[in-house]
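To start, the structure itself, in structure tokens.
The values are calculated or read from the model by the stated rules, or taken from the named source; none is laboratory data. All figures in this text were calculated on a predicted structure; none of them were measured in a lab. No Cβ is skipped: glycine too gets one built from the backbone with ideal geometry, and neighbour counts run over all protein chains shown.
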Amino acid sequence: MITVIANLKGGTGKSTVAFNLAVWLGSAGRRAVVIDLDPQKTLTDVAALRMEEQLEPAIAVEAGTFADVMLPEDAEEIIVDVGTADLESFKQAIMIADRVLIPVTPSQADIWSTQRFVGFLYKNTHGNPPDSIAFLNRANTGKTDQASDEAAAALETLPGIRFMPQRLPDRAVFRDSFSEGLAVFELEPRSAASRDFKAFAETLFGHSRRSMQDRLNQQKISAAVDPALRQVLETPSSRLGVSDRIGYGEAIPASAAGAGHEYWQRRQWGDGEQQYKADRKRDKALKEKQGKKGKKGKKGKKGRKGKKGKRGK
Ligand SMILES: Nc1ncnc2c1ncn2[C@@H]1O[C@H](COP(=O)(O)OP(=O)(O)O)[C@@H](O)[C@H]1O
Ligand SMILES: [Mg+2]
């Protein structure tokens, strides 16, 4: 599917949203390609930064004018970032779009500009515009957000577009993560901004099909930002010292409460490796003792027989 992220107004978050969506799709194991038709080449630069930093998933970017770029045949999702500085490419992208995603910041000027953009879409597709979806970006994060509510009400009634109720909040992490080549959910995976973004992406592209391994890799990327977390992840969890330091002792899963997990519990709560080794030694000795008894029992008879036999001889 080709999703063009567009708006005639600059600074509404097209590139920020395009980038975060591309990383989200990549982490979900989808083959996504970004087409950067904006001469500012913001997405080309951020993808290069990810490459330099060896961040996974890497983002595949094709950049240039509309005529220059090749549509990747094997891509599942194509995200197109456009800018008014190359209006010709902008118009052509709209012609081939399956849908146009329109970030709108909550202000009256943005509503007017979106209204004009609907007309622009209609005119430049000979009256056959693609599915056009508007959403609010940079919404106020306070409890009440009158500006966003008013903008939402206006967008809901605007003919020619569908209004998507999922809002993206105005959070510094969108700026900070971008400048580090990271998606919001990579820099602050547990933040409200991250949660909002994931809900937004899932609404647009369906639920992520991430495997457990992908999820772990994701955590490792987050750990790239937090050295303490990285150290913990890269240290085998069987090392007691580390387990203790990160407080695993407090987090005994319910499944580990049974007697079958005695070993596990002992390692968490007992006085560590020494206690465990001592216990194992004791268990082993006990088993051997029992084993010997058992063997003795059998051997004993033979032995006695043998002895008897010997004696008998
Ligand atoms: N949800 C958000 N919260 C905070 N800042 C945002 C958000 N979305 C975008 N921005 C910031 O707004 C500015 C413009 O965003 P950008 O994606 O470059 O817009 P566009 O591509 O439409 O010109 C950037 O500084 C970006 O970091
Ligand atoms: Mg841009």
Checklist entry - Given the structure, is THR16 closer than 16 Å to PHE135 by Cα, more than 11 Å from ligand 1 (Cβ to nearest atom), touching a residue at least 12 places away in the same chain (Cβ under 8 Å) and buried (at least 19 other Cβ atoms within 10 Å of the Cβ)? => result no
Next on the checklist: Please verify whether GLN54 is away from ligand 1 (no atom under 16 Å from the Cβ), over 20 Å from PHE197 (Cβ atoms) and in the same structural domain as VAL104 (by TED's automatic domain parsing), treating the condition exactly as stated.
Outcome noted: yes
Checklist entry - Hey, among ALA201, ALA147, which residue is out of contact with any Phe, Trp or Tyr (no Cβ under 8 Å at 6 or more places or on another chain) and either part of a helix (DSSP H, G or I) or under 20 Å from TRP112 (Cβ atoms) (or both)? => result ALA147
Checklist entry - Here are VAL33, VAL17: which of them is farther than 15 Å from GLU180 by Cβ and part of a helix (DSSP H, G or I)? => result VAL17
Checklist entry - Of the residues that sit in region 64-121 and are part of a helix (DSSP H, G or I) and among the basic types (Lys, Arg), which one is nearest to the chain's Cα centre (by Cα)? => result LYS91
Checklist entry - Is it the case that ALA47 is modelled with pLDDT under 95, away from ligand 1 (no atom under 13 Å from the Cβ) and assigned by TED's automatic domain parsing to the domain that holds ALA193? => result no
Next on the checklist: I need a count of the residues in region 19-49 that are buried (at least 24 other Cβ atoms within 10 Å of the Cβ), more than 16 Å from ligand 2 (Cβ to nearest atom) and either under 16 Å from VAL104 (Cα atoms) or not aliphatic (A, V, I, L, M) (or both).
Outcome noted: 1
Checklist entry - Within region 153-171, can one find any residue that is within 16 Å of ligand 2 (Cβ to nearest atom), assigned to a loop (DSSP other than H, G, I, E, B), buried (at least 21 other Cβ atoms within 10 Å of the Cβ) and in the same structural domain as ALA18 (by TED's automatic domain parsing)? => result yes
Next on the checklist: Pairs needed: first member in region 27-38, without any contact (Cβ under 8 Å) to a residue 24 or more places away in the chain; second member anywhere, surrounded by fewer than 24 Cβ atoms within 10 Å (Cβ to Cβ); C-beta distance under 7 Å; at least 6 residues apart or different chains.
Outcome noted: none
